[in-house]
1. List pairs: first in the range 50-63 and closer than 9 Å to residue 28 by Cβ, second assigned to a loop (DSSP other than H, G, I, E, B), Cβ under 8 Å, 6+ apart or cross-chain?
2. Those residues that are of a type outside the set (Asp, Glu), surrounded by fewer than 24 Cβ atoms within 10 Å (Cβ to Cβ) and touching a helix residue (DSSP H, G or I) at 6+ places or on another chain (Cβ under 7 Å), I need them from the range 17-36; list them, please.
3. Among the residues of the range 37-49, how many are touching a Ser or Thr at 6+ places or on another chain (Cβ under 7 Å) and crowded, with 20+ Cβ neighbours inside 10 Å?
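Every read-out reported here was derived from the displayed coordinates using simple, explicitly stated rules and does not represent laboratory data. This is a predicted model, so every value here is computed, not measured. Ideal geometry is used to build each Cβ from the backbone, glycine not excepted, and the neighbour counts take in all protein chains shown.
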Amino acid sequence: MKIALIGASGQAGSRILKELSDRGHTITAIARNPDKIARLPGATAVKGDVFDKEGLAALIKGHDAVDCQDQARGRRRGDAPRELTWRSRRHLAWPIVAVIAATILVIS
């Protein structure tokens, strides 16, 4: 499965990235600072921000699933899930966004 993981360098995101890699998925690991993303098999670290609508839309296009672990600390927290949902409806083949770690791991 091709998965976009937003917030891949954070506490939860880094653990999810490892699990997805261990399970053999292809992951686009997205973070504001991609140098902090662990280098793992099947993972490609890229720079991205949940508040950059067009940039993130380009990064998630063509993926089977999106998992958002970005907490948007210090920025309008409540806006991140809404923005991500907008982008997924517009740019994914089907409008499902997995925002809870357990969900993405169970369906994979």
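1. 59/48; 60/92; 63/92
2. Our first condition is that a residue be of a type outside the set (Asp, Glu); within the range 17-36, this holds for 17-18, 20-21, 23-34, 36.
Keeping just the survivors that are surrounded by fewer than 24 Cβ atoms within 10 Å (Cβ to Cβ) gives 18, 21, 23-26, 28, 32-34, 36.
Once the filter is applied, which keeps residues that are of a type outside the set (Asp, Glu), surrounded by fewer than 24 Cβ atoms within 10 Å (Cβ to Cβ) and touching a helix residue (DSSP H, G or I) at 6+ places or on another chain (Cβ under 7 Å), the range 17-36 yields only 28.
3. Selection size over the range 37-49: 2.
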